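The values are calculated or read from the model by the stated rules, or taken from the named source; none is laboratory data. These numbers were taken from a predicted model, which means no experiment stands behind them. Positions of Cβ are backbone-derived with ideal geometry, glycine not excepted, and every protein chain shown enters the neighbour counts. In case anyone asks, the SASA skips ligands and DNA or RNA and just uses the protein heavy atoms, side chains included. Shrake-Rupley method; radii C 1.70, N 1.55, O 1.52, S 1.80 Å.
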Protein chains: 2
Amino acid sequence: MMKQNLDSIQKPGSRYTAKGTLWIECDGRRCFGPGRAQLLTAIAGTGSINKAARQMGMSYKKAWNMVQELNSQFTEIMVITQPGGEGGGGSVLTPAAQELVSYHEAMRLRFQQFLALENELLND
Amino acid sequence: MMKQNLDSIQKPGSRYTAKGTLWIECDGRRCFGPGRAQLLTAIAGTGSINKAARQMGMSYKKAWNMVQELNSQFTEIMVITQPGGEGGGGSVLTPAAQELVSYHEAMRLRFQQFLALENELLND
């Protein structure tokens, strides 16, 4: 019978952990995962795609492209950008985006639970 | 109350799926995942690191390095390479490597079950 953990081959003093990433695809293309969840959350927090991009250390162009792609992959627009010059304008999340962020957060918590169980199996 | 699926924002005719990857880290460094599992399985099948590398479309050097790193991350050697010239030699998995491959396969199946449940939540 095969042992169900890896105790016999783990180096003493070393720490073994199960890790992973999780995302949602639309028609085989990645459409939502940790990066976009973080971007939407940063837009909600700063009220601006530009400030959100800076907070995440990415270019405005990259953030804007991520938002445009996201808008095209669901039935609803995710971010509404109000026009305006210096100090004007700003971006807000739509209810659809809030739903997506909430769903992703719930999914992430389920995955954390899964990984916690895997770590128990790996180390107990 | 927030809806628990994304029905209301999914484009009709598009297919949304939960996807992910899973791996084991040793002291914060990736030490075993789908790539190494595939490499060990290919070494077992071909009896040769060189043939396994070719089967996976990677260089011998890369495959050899993966095996060396793997050997250093557990208490046991994973692959034993017998010296020999043309037609001689060959590589075999140790029992520790077989244990690791089996463990990884069981973990992969548990993860598939997790993803199947996520896909039900996403689409039902």
| said: If I fit a long axis through the Cα atoms of helix A:34-46 and take the longest principal axis of the Cα atoms of chain A, what angle between them do I get, 0 to 90°, rounded to 10? | reply: 40
| said: Just to be sure I understand: with springs between alpha-carbon atoms less than 10 Å apart, which residue in A:Pro95, A:Pro83, A:Pro12 has the highest mean-square fluctuation in the Gaussian network model of chain A? | reply: A:Pro12
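Find the accessible area per residue for the protein assembly as shown; the probe is 1.4 Å, ligands and nucleic acids are left out, and the unit is Å².
Spelled out: the 1.4 Å probe surface of the protein assembly as shown, per residue, equals 54 Å².
What is the local net charge at A:Met58, summed over the other residues whose Cβ is closer than 15 Å to its Cβ (Lys, Arg +1; Asp, Glu -1)?
Numbers: positive: A:Arg36, A:Lys51, A:Arg54, A:Lys61, A:Lys62; negative: A:Glu69.
Computed value for this residue: +4.
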| task | Take chain A, connect every pair of alpha-carbon atoms lying under 10 Å apart with a spring to form a Gaussian network, then pick out the residue of A:Leu109, A:Leu93, A:Leu39 with the largest mean-square fluctuation. | result | A:Leu109
| request: Round to the nearest 10 and give me the degree value, 0 to 90, for the angle of helix B:95-123's Cα axis relative to the longest principal axis of chain B. | output: 10
| request: On a 0 to 90° scale, report how tilted helix B:60-73 is relative to the longest principal axis of chain B, with both axes built from alpha carbons and the result rounded to the nearest 10. | output: 80
| said: Connecting C-alpha atoms closer than 10 Å in a GNM of chain A, tell me which of A:Gly33, A:Gly45, A:Gly13 has the biggest fluctuation. | reply: A:Gly13
| query | In peptide B:112-119, how many Cβ atoms from other protein chains are near each Cβ within 10 Å, on average? | reply | 3
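Averaging sequence separations of C-alpha pairs under 8 Å and six or more residues apart, then dividing by the length of chain B, give the relative contact order as a whole percent. Let's see the in-between values first.
Details: 117 pairs, mean separation 37.7, N = 124.
Answer for chain B is 30 percent.
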| field | Percent accessible area from carbon and sulfur atoms, the protein assembly as shown, protein chains only, probe 1.4 Å | value | 54
| message | Restricting to lysines 8 or more places apart or on different chains, can you count the pairs in the protein assembly as shown with Cα atoms under 26 Å from each other? | response | 17
| task | Ignoring ligands, DNA and RNA and using a 1.4 Å probe, state the total buried accessible area between A and B in Å², rounded to the nearest 100. | result | 3900
| note | Averaged over the residues of B:95-104, the number of partner chain Cβ atoms within 10 Å of each residue's own Cβ comes to 3
| task | With runs of 4+ DSSP H residues as the only contributors, calculate the mean residue ellipticity of chain A at 222 nm using -39,500 (n - 2.57) per run, divided by the residue total and rounded to the nearest 500. | result | -17000 deg cm²/dmol
| message | A drop of at least 30 square angstrom in accessible area, chain alone versus all protein chains together, probe 1.4 Å. Which residues of the stretch A:51-84 meet that? | response | A:Phe74, A:Thr75
| Non-local amide H neighbours of B:Phe32 (under 5 Å, H modeled in plane, Pro and chain starts lacking H): which ones? | B:Ile24
| What residues qualify as long-range amide H neighbours of A:Val79, i.e. H under 5 Å apart, gap of 5 or more or another chain, H built at 1.01 Å from N? | A:Thr94
